[in-house]
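A quick write-up on the structure given underneath.
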Amino acid sequence: MIEDRRYINFWTYVMGRHSKLEVLLKLNSEKLKIAVLGGTGNIGEGMVLRLALQNLMPEGVKNEIIIGSRALETADRAAKNALSELENCGFDTSKIIITGMDNLDAAQAAEVIILTIRFDHVLPLLEEIKEALVNKILISPVVPMVKEEGLMAYRPPEEGSAALAIKKNVPESTRVVAAFHNIPAGKLKDVVKCKAVHDALVCSDEAEAKKLVMELTRHMGCLRPLDGGPLKQASTMESLTPLLINLAKLNGLKDLGINFS
């Protein structure tokens, strides 16, 4: 759990001009509400499992996970499957809360929102949930890429990166953080056997939001967060993902990540 002073500072920052009472209510709940929009895909599933398990760690960030999807039934089913998977792996799920909602309700209920969807679906979704993004932290692991001649190629939008395009299309008060681009989905989902630790680069222009995302990352069990600088550096991070996919395909490898030493 985040140390009390840091936790209070974080909520004061996120709530902006909201009353001290609202900040205290957030503090007393002791649970950070995190929505994973697209939590029914491979990356989303892994994120849900890793974040949920922080509730069982002495120093993990205590949270409630909300899986967002276009259809409530799909989100509900994904939430039940995630809890069942954790139970089947031998984890005590009595302290873990995972629920399903449609994307708009999930975004409205959460303080932190993670976009685990394809880039071509991102901007329409942001338009749909725009009002729910005010004073929220929005995490983007989104990579704009296409398949060309059997290999993946990075194709950023005119803004220069998915992260910058997202920043342009959300309210001014939304804190955009780019993270988790180069993390193999298979390693995220393997919460029992995976012992590898991959470096996770985190970029943002918002210092406090970046600190929180790095704190979440630190307790995910297979990741080491590294400060990647301001949001304009996200293009470099995003472009590494198709490189990793291509290296894996060309060399008969699987679940490639990045480690700096």
When the range 134-150 is examined, which residues are found to be crowded, with 21+ Cβ neighbours inside 10 Å and either part of a helix (DSSP H, G or I) or of a type in the set (Gly, Ala, Ser) (or both)?
Ser140
Within the range 53-61, can one find any residue that is crowded, with 17+ Cβ neighbours inside 10 Å, on the phi < 0 side of the Ramachandran plot and β-branched (Val, Ile, Thr)?
yes
Give the residue, chosen from Glu128, Glu111, Glu87, that is in contact with a helix residue (DSSP H, G or I) (Cβ under 9 Å, 6 or more places away or on another chain) and either open to solvent by less than 50 Å² (accessible area, probe 1.4 Å) or closer than 20 Å to Leu32 by Cα (or both).
Glu111
Tally, over the range 169-215, of residues that are open to solvent by less than 50 Å² (accessible area, probe 1.4 Å), in a helix (DSSP H, G or I) and closer than 22 Å to Ser235 by Cα
6
Quick one: which residue in Asp227, Asp255 is more than 18 Å from the chain's Cα centre (by Cα) and charged (D, E, K, R)?
Asp255
Condition broken by Ala248, with the remaining ones in (1) under 25 Å from Val146 (Cα atoms); (2) in a loop (DSSP other than H, G, I, E, B); (3) free of Cβ contacts under 8 Å to residues at least 24 places away in the same chain satisfied:
(2)
Members of the range 90-106 that are more than 17 Å from Leu32 (Cβ to Cβ) and not in a loop (DSSP other than H, G, I, E, B):
Thr93, Ser94, Gly100, Asp102, Asn103, Leu104, Asp105
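The values are calculated or read from the model by the stated rules, or taken from the named source; none is laboratory data. Please read all numbers here as calculations on a predicted model, not as lab measurements. Every residue, glycine among them, receives a Cβ derived from its backbone with ideal geometry; neighbour counts consider all protein chains shown. SASA here: full protein model, heavy atoms, side chains in, ligands and nucleic acids out. Shrake-Rupley method; radii C 1.70, N 1.55, O 1.52, S 1.80 Å.
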